Every structure is written in structure tokens, then in C-alpha cells.
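Heads up: the structure comes next, in C-alpha cells.
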Amino acid sequence: MSTGWGRNRALALYGLLSLAYAFLYVPIVVMIIYSFNASRLVTVWGGFSFKWYGELLQDEKVLDAAWLSLQVAFANATIATILGTLAAVVLVRFRRFRGRTLFTGMIAAPLVMPEIITGLAMLLLFVAMEQAIGWPQGRSMTTIVIAHVTFSLSFVTVVVQSRLAQMDASLEEAAMDLGARPAKVFLVITLPIIAPALLAGWLLAFTLSIDDVVISAFVSGPGASPLPIVIFSKVRLGVSPEINALATIVVALVGVAMAIAGRVMLSRDRDERHRPTVTSPQPV
Amino acid sequence: MTALDRAVRRWGRLLVGLPPYAWLVVFFLVPFLIVIKISLSQAIMGIPPYTPLLEWGEDAVLTIRIALGSFGTLFGDELYAFAYLNSLRLAAIATFCCLLLGYPAAYAIARSSHSVRNLLLLLVALPFWTSFLIRVYAWIGILKTEGLLNGLLLWLGVIDTPLQILETDLAVLIGMVYSYLPFMVLPLFATLEKMDMSLLEAAADLGCRPFQAFISVTLPLSMPGIVAGSLLVFIPAVGEFVIPDLLGGPDTLMIGKILWAEFFDNRDWPVASAVAVAMLVLLVVPVMIFQRLQGQATEGTR
Amino acid sequence: MAQTVAQRPTFSPWTDPDAVPLIRFEAVSKRFGDFVAVDQVDLSIHAGEFFSLLGASGCGKTTLLRMLAGFETPTSGRIFIDGTDVSAIPPYERPVNMMFQSYALFPHMTVEQNVAFGLKQDGVPKPRIREKVRDVLDLVQMSRFGGRKPHQLSGGQRQRVALARCLAKEPKVLLLDEPLAALDRQLRERTQLELVGIQERVGITFVMVTHDQGEAMTMSSRIAVMNSGCLEQVGTPVEIYEYPGTRFVADFIGAANMFEGVVASDNHDLLVVTCPELERDLSISHSGSVPVGAPVTVMVRPEKMVVQRESPSETMNGVKGVVADIAYLGDVSIYHIALPSGRRVEVLRTNLRHTGEQELTWEDEVHLAWHPANAMVLTR
């Protein structure tokens with residue numbers, strides 16, 4: 001604790017912090033514990049069992065939906081990362097162009113737009129388009145991917161944009177000065193430097209897609225139900241221990257992924273700290 | 001050669017800018033215009049289930065038919081007004097609770113040593129990376145009448161009969177605070193971390209007691225984080241659907257639920273669109289503030 | 001006036017009317033919106049020069065350099081390098097290389113990869129690249145660090161790598177944007193002379209931007225002083241210091257005492273100037289003709305004056321005053337003398353005696369004296 005803060009105050013502060021963490025984690029822990037409960041009832045402990053995992057892995061509907069969700073999330077993350085990176089380049093590198101205000105508005109709006117409005121709007125667009133040009137036919141993986149890209153692209157843009165803005169612009173100028181053409185500069189210098197942000201953006205888009213219920217509910221059809229829609233319809237009917245098992249698997253996967261990411265970040269941090277200090281350049 | 005080169009550069013810019021721009025116009029801007037259009041038409045049985053706004057008559061006369069009926073329904077039935085107000089109320093309370101819980105948490109993280117800070121941050125962000133739906137669902141098991149919380153309270157002897165928490169506004173609030181807490185903590189942390197600690201030392205040196213220093217230095221300086229975090233919680237909370245649907249009861253009226261019901265259950269697309277338009281109007285001011293902040297932030301990092 | 005200055009006997013192509021300059025700016029202007037960054041600049045730089053653009057921040061020197069590199073296009077005017085108009089040639093096709101203030105070393109590449117980058121862009125065969133990289137790293141004494149990443153180097157080492165990366169391409173012109181600004185003072189002073197040595201060895205024309213006049217004076221063959229987008233004066237360090245062309249240059253380079261006045265008479269080789277705030281008229285050795293009655297400024301450098309108790313002889317200029325402040329700097333002391341008009345004049349005195357004892361002290365009445373040849377008349 002820094003100067004000026006007494007022991008009691010620090011204790012109170014950390015007490016509140018623990019409370020916040022407890023609030024965040026107790027439900028997840030409870031779910032994990034009950035995924036191993038043989039009993040269907042929440043309040044009754046019927047003994048340790050893997051039964052719900054077994055049932056989950058035999059549920060064709062859930063498995064199909066999970067496979068679809070993975071495909072959608074992968075396609076979405078890839079397209080959103082490409083488009084979002086381009087958008088970030090536009091926002092950071094092209095200072096002035098016609099329609100800049102509209103562009104920044106369209107990037108920022110999906111970040112806060114209630115999903116239910118985006119979902120409704122997307123569906124109405126697809127219906128109107130199908131009427132007008134005959135595409136897309138019905139609700140399919142295509143419509144889900146388009147809708148997901150539209151809202152996750154903004155998140156990618158924000159992540160990449162901040163990294164790009166932090167990047168020393170003279171690095172690109174130096175590469176050009178040494179004879180590299182603009183496209184090559186982007187591929188050889190800019191992309192490797194902002195690569196961590198691209199990865200973060202990709203993961204974010206992947207997560208947003210695989211997690212989305214509301215927008216998917218509008219743009220998915222009977223033939224193409226992603227996992228959250230299937231879970232949602234199960235959950236609306238009440239508690240289902242299968243879902244506990246599914247949740248535990250998700251948490252385990254995310255936990256492992258985060259642990260790896262954290263380790264990578266930590267080791268990079270250490271690298272940076274070895275950096276010798278240099279007096280910062282004065283502005284010209 | 002030079003003219004060609006300049007042309008290449010111009011086309012290069014276009015090549016970079018056009019895909020995201022076109023995508024957003026076609027899939028984000030146009031849909032909103034369509035929502036507005038449909039909100040001004042009438043519901044009919046058919047595919048699509050609404051009347052066209054523009055119609056070319058037989059003798060090439062353009063007919064514009066604007067039906068304000070959907071908005072009439074909205075203003076006529078006080079159910080809608082109540083749902084709007086209730087959404088605003090619940091979102092505001094949830095935002096305030098997030099701030100109350102999130103500020104000390106963000107403060108503690110920002111003041112923690114470097115070695116644990118990353119871990120603490122990771123722990124705040126971790127739930128976000130797991131499924132939102134599943135996390136909301138987890139509360140059903142905890143809050144329902146024969147659920148864990150009631151079981152615990154009964155066992156402790158605090159209550160004699162189980163409390164009805166699930167299917168009330170309280171459950172919706174708990175769900176919202178729980179789901180949106182990370183969105184409050186992260187921007188708060190970002191501003192608090194940037195704050196120069198020597199400012200507090202200067203305040204103390206000038207005779208300010210710690211609490212006064214917090215009120216007169218820390219709090220004003222963290223205002224951007226407070227505003228950003230509050231908007232990130234408030235705006236989506238107003239339009240929330242999953243939480244009131246799973247944790248709320250039949251009398252939990254929220255605007256997202258109404259929209260859903262109009263669209264999926266009543267198949268009244270014009271009224272659903274009108275509800276969406278009205279929600280947008282309601283959110284226009286907070287969204288504008290958020291965009292301003294976002295713009296300032298990006299200008300600042302340049 | 002240039003004739004009176006002692007010049008390097010071997011290298012002064014700018015005095016030769018037949019010499020063809022390597023770089024030529026012709027009426028170059030650059031506007032950013034309403035802001036005029038560079039205003040109608042004409043400038044010639046010769047092959048082999050170490051040329052400095054000197055000025056305060058925002059004077060347009062960096063913009064001028066960036067136009068030479070190709071990062072900015074002139075709003076009007078033309079730029080020639082070796083006889084070719086480069087105004088419309090993109091940076092990656094220009095025969096110039098730039099060393100950036102931040103060094104701009106690619107963080108994801110090793111020192112060797114950084115140095116090889118430019119050669120690779122030109123399609124130089126691999127064995128040749130390896131040879132060249134080794135040579136330039138030897139030149140800047142960084143051969144041992146070829147495998148390191150930039151963040152594993154100190155500031156001085158990074159500076160060397162940045163220099164090596166530019167030299168590897170053997171450009172016609174090497175541009176340096178505040179090359180030493182990121183180094184601490186001691187290292188900076190050592191590197192100044194080293195950089196000049198390297199320049200003389202490789203024979204490449206250097207054009208440097210700096211805001212540090214000491215740096216410009218130490219390193220340059222010629223200096224262009226810039227002020228709000230315009231060239232104030234172009235000349236050798238000696239010319240710039242001893243014969244400033246304008247009040248701005250006199251004030252910007254070194255310290256200067258300036259007296260406003262009017263030309264009273266012009267007798268054979270002495271110009272007499274009447275200054276309202278001084279009792280005696282000032283005489284200045286002739287330098288160009290100034291009409292009688294014209295308003296002028298008389299400039300005297302602090303080290304060109306003598307401070308003494310007794311009144312100076314008739315042939316010298318003299319001003320009476322009171323010692324108001326003494327700044328003791330060790331090797332020298334700066335005396336601030338208050339004139340009867342209330343204005344202060346700075347005089348430099350070498351501390352010849354070891355004891356540190358000052359023969360003059362506060363409130364002493366003194367005279368300032370200087371020879372007519374040691375002052376300048378400025379009309380602009």
C-alpha cells in the first residue's frame with residue numbers, strides 16, 4: 001500500500017475487493033461443484049458423478065450446435081479481425097476524408113448498442129434483402145456470421161486502433177525511407193508490431209460470437225441454431241444439470257487459455273523491464 | 001510514372017478503407033433505416049408481415065403511406081411507458097451498484113503491487129471470457145425458492161420460510177450487477193492507474209486528510225472512468241433481454257422483453273420496430289456522450 | 001564580409017560560383033491548412049557538406065527535412081537532388097536516407113536485420129548484404145551486437161545502429177533529425193565529434209536538423225538559421241556568430257547586447273550611431289553602407305566588451321553603469337551592468353585569477369568599453 005493509507009483502510013479496501021471477487025466467482029464455483037452432483041436437485045448432494053457429462057456428450061443437438069458455433073465464431077473472428085484492422089488503419093492513419101464522422105460513429109455505436117436492437121435491425125435487413133435480391137435465402141450460418149461480424153468488428157477496431165496509435169509512426173517512415181513500398185511496409189513492419197493486438201482482437205471477436213444469444217436468436221433459423229440458442233431454450237425451461245457440465249467445460253477451457261495468455265504476457269513484461277532506460281526524445 | 005504512382009496510392013487508400021466502410025453502411029446503417037421505415041408501416045398477415053412504405057401505382061404515381069399506428073400503440077398503452085421507465089430505473093440502480101462495488105475494487109487493483117496487479121485484472125476479466133448466458137443461468141440455481149441461497153439462510157436460521165427472490169426485480173438487479181461489473185471495473189482501473197500518486201502526496205503535504213484528498217483529488221480525476229464505466233453498464237442494461245427473461249418474473253416489465261414478445265410472440269414487426277426506435281431515442285443522449293468520450297480517447301492517444 | 005573570415009582552405013564549394021550544388025530548394029513552401037510551415041525557401045547544399053538546419057521548435061526545419069526525405073510534398077516550389085526534380089518521387093525511391101529522432105529501429109528485428117533491411121529492399125544479393133552489414137557495423141563499432149534486439153541496447157548503441165542502417169544504403173544524402181537529442185549531455189558531446197569523423201570518412205552529404213546551437217556550431221560546415229518558416233541566414237558557424245545578418249540571428253546564436261539607434265554620420269570608415277538611451281554616440285567599423293538617418297541596431301557580444309573602473313579612451317566606445325548582478329560560472333563570470341536608462345547589459349569576464357576573488361562587486365560604478373571593430377550594425 002502506498003503512503004497515506006493506514007492499515008485499517010487498506011484492510012477495508014481489500015475486504016471490498018474480496019467481496020467483489022466472491023460475487024464474481026461464487027456462482028461459477030457453485031455451478032462447477034453441482035456439475036458433479038448425481039442428483040438433479042440443487043440443494044441435495046446426491047454424490048459425486050460424471051453422469052451429466054455423459055449425457056451432455058450424447059446430446060446430438062448440443063453437439064451439433066457447438067460445432068456450428070465454433071465454425072461461426074471462427075469465421076466471424078477472422079473476418080472481423082481483417083475488417084476491424086482495416087478500419088483501425090483508416091481511423092489512425094487517414095487523418096481526413098469525406099464521411100469520417102459517420103465512420104467513427106458507425107464504429108463506436110455497436111459497442112454500446114443494445115443487442116436486441118442490432119438483432120432486430122439485422123433480421124429486418126436480411127428479410128428486405130431476400131425480397132429485393134433473393135439473397136440471403138432464409139436464416140443460415142451466413143446470416144449469423146454477417147450479424148456477428150457487424151457487431152464484433154467494432155471491438156476489434158478499438159483494440160487494434162489503440163495499439164496502432166501507440167506505435168511510433170516513424171517506424172513506418174523509416175521502412176519507406178529505406179526503400180520499402182507502402183504495402184510491403186504494412187506487411188513487414190506494421191503487422192508484426194501490432195500482431196498481439198490482432199490476436200487479442202481475434203480472441204475477443206471469437207468470444208463475443210460464441211457467447212451471443214440475442215442477435216443469434218434473430219438471425220438464426222431452425223436449420224442453424226448455434227449453441228447459446230440451444231442452451232437458452234433449455235434454460236428457459238428451468239435448471240438442467242447438463243448445462244452445469246457444459247459450463248464447467250467452458251470455464252476449464254477459458255481458464256487454460258487465459259493461463260497460457262497470462263504466462264506469455266508476463267514473460268514479455270519481463271523482457272520489457274530489462275530494457276535500459278533512455279532519456280526520452282525531446283519534441284522538435 | 002508519378003501520376004500513376006499517385007493513383008496507385010489513392011486506390012490503395014480506397015482498397016483499405018472501402019471494405020470496412022461499405023460493410024458498416026450496408027449491415028449497420030441501412031438496417032437502422034429499415035427499422036425506422038418498418039416502424040412507420042402497418043402490420044399485415046403475409047411475408048413480410050408489414051405494408052410497404054413506398055408504392056409505385058399503376059400509372060407511375062409514387063404513393064407514400066406512413067402509418068403512425070405503431071407509435072400510437074406505444075403512447076396509448078401505458079404498459080409500454082411503464083416498461084420504459086422500469087428499464088431506466090433498473091438500469092440506473094444496477095449502474096449505481098456496479099459503481100459502489102466496482103470503484104473500491106478498481107482502486108485496490110490500481111494501488112496493488114505490479115506483481116499481483118496483472119493477476120487481479122485477469123480475474124476481473126475472466127468471467128467475461130466465459131459464457132454470459134451460463135453465468136446468468138448460474139443464478140437461477142442460487143436464487144430460486146428451493147435454491148442454494150434460501151437453503152443457506154434456512155440452515156443458518158436467518159429465515160423460517162424461503163424468500164421469493166427469483167422472478168422479482170431484485171433478481172434482475174443482481175443478475176445485471178453481476179454481468180456488468182467487469183465493464184465498470186476495467187475503465188475505472190484504466191483512469192485510476194494513470195493517476196499520478198504524487199498528487200495525493202502533494203495533497204497530504206498541503207494538509208489534506210486522506211479522505212479529503214480522495215474527495216477533492218482522486219474522485220474528480222477519475223471522473224472520465226466513472227462516466228465511461230457507467231455508460232458501458234447503463235446503455236446495454238436498458239436494452240437487456242436475457243437477464244429479465246431468465247431471472248425476472250412475468251411482471252418484470254423491461255423494454256427488451258417487450259420488444260422480444262412483440263416480435264417473436266405477436267409477430268407484430270411494426271410495433272417491435274417502433275419499440276426499438278423509441279429505445280434508440282431514449283438512448284441517444286448517453287450514446288452521444290459515450291461517442292464523445294471515445295473520440296476524445298482516440299484523439300488523445302494519437 | 002566573407003573575405004574577412006578565415007575559412008578551411010580545402011573545402012568551401014559554396015564560395016565557388018561555378019560549383020553545382022547537390023541539393024537545391026527552389027521557392028519551396030509548405031502549408032498545413034492555414035499554417036505556413038515553410039515559406040518560399042531557396043537553398044543550395046553542396047556535395048560533401050555537413051549542413052545544419054537550426055531553429056526553435058515549430059520554425060519549419062523538420063518540415064524542410066521531411067520534404068527532402070519525401071514524407072511531405074511541397075505545396076509549391078521544387079526540390080532537386082543531383083539535378084533531378086524529386087518533388088513527386090515517393091520516399092522509397094529517393095537516394096536519401098533519414099536517421100530519425102526516435103531512431104525508429106524495428107523492434108521485432110535484430111540489429112543485423114535492421115541494418116540489412118534497406119539493402120534487402122533493393123534486391124542486393126545475400127552475400128553482398130552480409131558483407132555490407134559487417135562493414136557498416138564495424139564503422140560504428142557495433143559488430144559485437146549484431147544479434148541483439150533494439151530493446152537490449154543502450155541509447156548510444158541504438159543511435160549507432162540507426163546511423164549504420166542509413167549508411168548501409170550509401171545514400172547521396174543522409175538526413176539526421178535531432179540525432180543526438182535522446183542522449184545525455186556527456187555522451188552527446190562525445191558523439192558530436194564522432195559523427196563528424198564518420199561523415200568525413202564516408203564522404204556522404206549530411207543534412208541535420210537541430211535546435212541546439214552548440215551542436216550546430218561544432219559539427220557543421222554551414223548552418224541555415226530558420227525562423228517561422230523562413231531562412232534568416234545561411235553561413236559558416238563563424239559567419240553566423242560574428243556577422244549575424246539579422247537581429248533574430250544575433251539573438252538566437254549566443255548572447256547579444258543590442259542598442260537601438262539612428263545613423264548620425266558616416267565618416268570614412270566609421271559609422272556613428274546615436275542611441276537615445278546612451279550618453280555617448282557609438283562608433284562602429286564600416287560594414288556596408290547605411291544611409292544617414294536610418295534606424296539601426298548596434299550589437300555587441302558580451303565577450304567583446306571589457307568592464308573597467310576607469311573611463312575608456314576616445315577611440316573606444318564606452319558606456320557607464322552599475323554592477324547589478326554577478327553570475328559566477330567557474331571559468332568565467334557574467335556581469336550584469338545596469339545602465340542609467342535602467343536596462344541591463346551582459347559582459348563576460350574570464351576568471352584569470354585562481355583565488356576566485358572578484359575585484360568588482362555589486363553596486364560598483366563601472367565603464368564598459370569595446371573597440372569599434374568588435375560591434376555589428378544590424379538593419380534587419
**OP:** Would you kindly derive the ³J(HN,Hα) couplings of the stretch A:189-205 from the backbone phi angles with the Karplus curve 6.51 cos²θ - 1.76 cosθ + 1.60 (θ = phi - 60°), listing them in order in whole Hz, with x for Gly and Pro?
**Re:** 10, 5, 4, x, 6, 8, 3, x, 5, 4, 5, 4, x, 4, 4, 4, 4
Original post:
Where a ≥ b ≥ c are the square roots of the eigenvalues of the C-alpha gyration tensor, would you call chain B rounded, which needs a/c under 1.5, or, failing that, prolate if a/b is larger than b/c, or oblate?
Top reply: oblate
**OP:** List A:203, A:83 from most exposed to least, where exposure is judged by having the fewest other Cβ atoms within 10 Å.
**Re:** A:203, A:83
Original post:
How large is ³J(HN,Hα), in whole Hz, for each residue of the stretch C:50-60 in order, when computed from phi with the Karplus curve 6.51 cos²θ - 1.76 cosθ + 1.60 and θ = phi - 60°, using x for Gly and Pro?
Top reply: 10, 9, 10, 9, 10, x, 6, 5, x, 8, x
**OP:** Take every DSSP beta bridge with both residues inside chain C and express the antiparallel ones as a percent of the total, to the nearest 5.
**Re:** 75 percent
Original post:
From the square roots a ≥ b ≥ c of the eigenvalues of the alpha-carbon gyration tensor of chain A, which class results: rounded (a/c under 1.5), prolate (a/b over b/c), or oblate?
Top reply: oblate
**OP:** Give the order of C:30, A:51 when sorted by the count of other beta carbons within 10 angstrom, beginning with the fewest.
**Re:** A:51, C:30
Original post:
GNM, chain C, Cα, under 10 Å: largest mean-square fluctuation among C:91, C:171, C:340?
Top reply: C:340
Subject >> Average partner coverage of B:119-126, which counts Cβ from other chains inside 10 Å >> reply: 4
Subject >> Under 5 Å, built H, 5+ apart or other chain: amide partners of residue C:176 >> reply: C:99, C:207, C:208, C:209
Subject >> Hz values of 3J(HN,Hα) by residue in the stretch A:105-117 - Karplus curve (6.51, -1.76, 1.60), Gly and Pro given as x >> reply: x, 5, 6, 7, 4, x, 4, 10, 4, x, 4, 5, 6
Original post:
Taking the Cβ-Cβ separation of residue A:93 and residue C:32 as r and a Förster radius of 22 Å, what is the calculated FRET efficiency to the nearest 0.05?
Top reply: 0.85
Subject >> Distance between the stretch B:141-185 and the stretch A:172-222 - C-alpha centres, whole angstrom >> reply: 40 Å
Original post:
If you stretched the chain out fully between residue C:18 and residue C:309, how much longer would it get, using 0.36 nm times the residue separation minus the C-alpha to C-alpha distance?
Top reply: 99.4 nm
**OP:** Return the subset of A:184/C:30; C:61/C:172; A:61/B:144; C:30/C:61 for which the Cα-Cα distance in this structure is over 18 Å, preserving the input order.
**Re:** A:184/C:30; C:61/C:172; A:61/B:144
Original post:
What is the Cα centroid distance between the stretch C:135-150 and the stretch A:28-96, reported in whole angstrom?
Top reply: 50 Å
Original post:
Which lysines, on any chain, are close to residue B:194 with Cα under 27 Å apart, when same-chain ones fewer than 8 places away are left out?
Top reply: none
Original post:
Using 1/(1 + (r/R0)^6) with R0 = 60 angstrom and r between the beta carbons of residue B:194 and residue C:264, what's the FRET efficiency to the nearest 0.05?
Top reply: 0.40
Original post:
Computed FRET efficiency, Cβ-Cβ of residue C:331 and residue B:204, R0 56 Å: what is it to the nearest 0.05?
Top reply: 0.80
Original post:
Counting other C-beta atoms within 10 Å, which of B:292, A:181 has the fewest, and how do the rest follow?
Top reply: B:292, A:181
Subject >> Virtual spin-label span in nm between residue B:33 and residue A:102, 7 Å along Cα→Cβ >> reply: 0.8 nm
Subject >> Cα gyration tensor, the protein assembly as shown - rounded (a/c under 1.5), prolate or oblate >> reply: prolate
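Taken together, the values in this text are just the output of simple stated rules run on the coordinates, not laboratory data. Quick caveat, the model's predicted, so the values are computed rather than measured. Note that we place each Cβ from the backbone using ideal geometry, even for glycine, and neighbour counts take in every protein chain shown.
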